[in-house]
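A short reminder: the numbers here are calculations on the coordinates, not readings from a lab. Note that this is a predicted model, so its numbers are computed, not measured. Reconstructed Cβ throughout: ideal geometry from the backbone, glycine too, with neighbour counts over all protein chains shown.
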Ligand SMILES: NC(=O)c1ccc[n+]([C@@H]2O[C@H](COP(=O)([O-])OP(=O)(O)OC[C@H]3O[C@@H](n4cnc5c(N)ncnc54)[C@H](OP(=O)(O)O)[C@@H]3O)[C@@H](O)[C@H]2O)c1
C-alpha cells in the first residue's frame, strides 16, 4: 500500500465524491474510502482517470495510505454517523494528525468532538462547505474551524480547491477555533433562507399586486441581476421563473406544490440566535414561512377567511422599481442580523472571527454569493468594530434612499392582502433600531407590577421597584 496520499476522503456520496475529485483534479493524491465499498469502486471506475486516487476498502488501509501528518476528511451524514466514523478512525491516528469534518454538523457537536480529540493530540477541523455538489467539484466556499496549526497544513490545499472570487481571492479562510467554521456555515444557511424568502415575496408582489406573468417576472429579475442585486440566487430565480413545464405547457412555478422543505441549519440559526439573544427576525420569518407553507390542512381550512377589498394599483413598472428597493433594503437588514449573530457567537465562544474575511469567502462558490458581499467586506475592512452593518455610512444612505418605496410596497401588500413577513420584519427591525423610545419601558413596568422584576430609571443608576399593591412609592431594589 502506498503511503503517499496527501489527503483522504471517507464518505463518497455526492459531496465526498466530488470533493475527492476536486482534490485529485488539482494535483493531489487522494485516498478514498466508503463504508459500502461499491461507492469507492464506482468512483474509481467513472472518475479514476481524473487524477491520482488510492482506493481503499478498510479503515486500516485508508489510514495507512495517508502521508503524515495525516489529513482525513469525513463527508458522511451529519449527526451520529459522524461520531461512528470518528470512533472508527481516531484509534488508528497519531498525535498531529487531522480529522476534517466537512459535513453539516451542529457547531456544538464540533466543539465537543474537537475537545475530545484534542486530548489525543488530534486536530479536529470542523469545516463548513457550501455550494452543493457542483461547488464541491468545481470550487466551494470553505469555512474551516479548528487549530491554527491545522490550517497551516491544510489551508494551501483548501485554497487550491476552493472557489475564487472575482478578484481571484480563494473563498476560504481560517474562521476561528473549534466550532467557528460550522457556526459561520450555519449562519450562512440562515441568511440563505432569508434571501430566498425575500425573493419569494418580491415574486409574489410582482405577480399578485402588479399582475406580471412568471415570464415577465423572470425578465425583471434578469434586469435586477445586472445591478446591485447581482447574485446567484437572483440569477437562478430568473431561470426557474422562465421554465415552462413540458407536460402541461404551464409555467413551472404553477405546477409545483407550494410547500417548502426546511432542513436543520436554518432552524439552528434561529434557535442559537434565541440562546444568544440576537434578533434575527428576518431569518426566523423565513423559517416560519416555510413551516406555514407545509401546514396544508390549516391552509385549506383557512381559505374562506375574509380578505381586503380589491384596490387599484398605479403603474406596474413603477411598482416593480419600488419592489427592487424594498428587496434590497430588506436584504441589507438580513445580512445585518446574520453578521450580528456571528459577532455574538464569536464573543460568546472567544473565536475572534474576522467579519470582513467571512464576507470575502462568501463572494464565490456558495449559494449566497453576490456582488453585494464585496461591499460588506469593504465596510468591515474599513471598520472592523462596526457595531452593525446599518452603521456603515454607505448602507445607511442606501436604506435612506430606499425607505419611502419600501414603506409604499408594504402599504400596497397590506392593502391587497399579500403576505410579506420578510419585508415587514426587516422594516420593523430597522424602525425599532432607529426609534428614540421603545415600548420596552412599558413592558418593564408590567413586569415590575406582576412579578416585582424591577426596572432601571433613565435618570439614576440602580434597580427600582414600585410598591404597586401599596402606596405606589418607589424603593431601591
Ligand atoms: N448535499 C449537499 O449539497 C451538501 C452541501 C454541504 C454539506 N453537505 C453535507 O455533507 C455531508 C455529505 O453529504 P452527501 O449529500 O454527500 O451525503 P449524505 O447522504 O448526507 O451521506 C451519505 C454518506 O454517509 C455515509 N454514512 C452514512 N451513515 C454512515 C455510518 N453510520 N458510517 C459510515 N458511513 C456512513 C454513507 O455511506 P454508505 O455509502 O455506506 O451508505 C455515504 O457515504 C453531509 O453531512 C451533508 O449534510 C451536503
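Structural remarks
- Ranked by the mean number of other Cβ atoms within 10 Å of their residues, highest first, the peptides 228-236, 298-306, 440-448 come out as 228-236, 440-448, 298-306.
- Ratio of Rg to Rh over segment 116-248 (Cα coordinates, Kirkwood Rh, two decimals): 1.13
- Alpha-carbon Rg with Dmax, taken over segment 249-350, Å: 18.2, 55
- Quarter the surface of the alpha carbon convex hull of segment 208-273 and you get the mean projected area, 6.6 square nanometres.
- Here the translational diffusion coefficient of segment 105-189 follows from Stokes-Einstein with Rh set to the Kirkwood radius across Cα pairs; for 20 °C and 1.002 mPa s it amounts to 166 µm²/s.
- Cα-based shape type of segment 281-417, given that a ≥ b ≥ c are square roots of the gyration tensor eigenvalues and the cut on a/c is 1.5: oblate
- Rounded tilt (10° steps) of 316-349 against the dominant C-alpha axis of the chain: 60
- Per residue, the chain reaches -17000 deg cm²/dmol at 222 nm when only DSSP H runs of four or more residues are counted, each adding -39500 (n - 2.57).
- Distance from segment 25-98 to segment 255-306 (C-alpha centre basis), Å: 37
- Residue 148-residue 381 FRET efficiency (beta carbon distance; Förster radius 30 Å; 0.05 resolution): 0.90
- Take every pair of alpha-carbon atoms less than 8 Å apart whose residues are at least six positions apart; their mean separation over the length of the chain yields a relative contact order of 13 percent.
- Legend: calculated FRET efficiency, residue 61 to residue 298, from the Cβ-Cβ distance at R0 = 60 Å, rounded to 0.05, equals 0.65.
- Inverse of mean 1/r across different Cα pairs in segment 116-162, Kirkwood, Å: 11.5
- The value of relative contact order for segment 228-303, using C-alpha pairs under 8 Å at least six residues apart, is 24 percent.
- Angle between the chain longest axis and helix 180-204 axis [Cα atoms, degrees, rounded to 10]: 50
- In plain terms, the bigger the Kirkwood radius, the slower the diffusion; for the chain, with that radius from Cα pairs, at 37 °C and 0.692 mPa s, Stokes-Einstein puts D at 133 µm²/s.
- Crossing angle, helix 421-434 versus the chain [Cα axis fit, 0-90 degrees, rounded to tens]: 70
- Distance between segment 163-228 and segment 399-421 - C-alpha centres, whole angstrom: 20
- Computed over the alpha carbons of segment 348-462, Rg followed by Dmax gives 19.4, 54 Å.
- The reciprocal of the average 1/r between distinct C-alpha atoms defines the Kirkwood hydrodynamic radius, which for segment 256-308 equals 12.6 Å.
- Extents of segment 172-303, largest first, come to 52, 42, 28 Å (Cα atoms, principal axes, whole angstrom).
- Ordering 46-56, 29-39 by mean Cβ neighbour count within 10 Å, with the highest value first, yields 29-39, 46-56.
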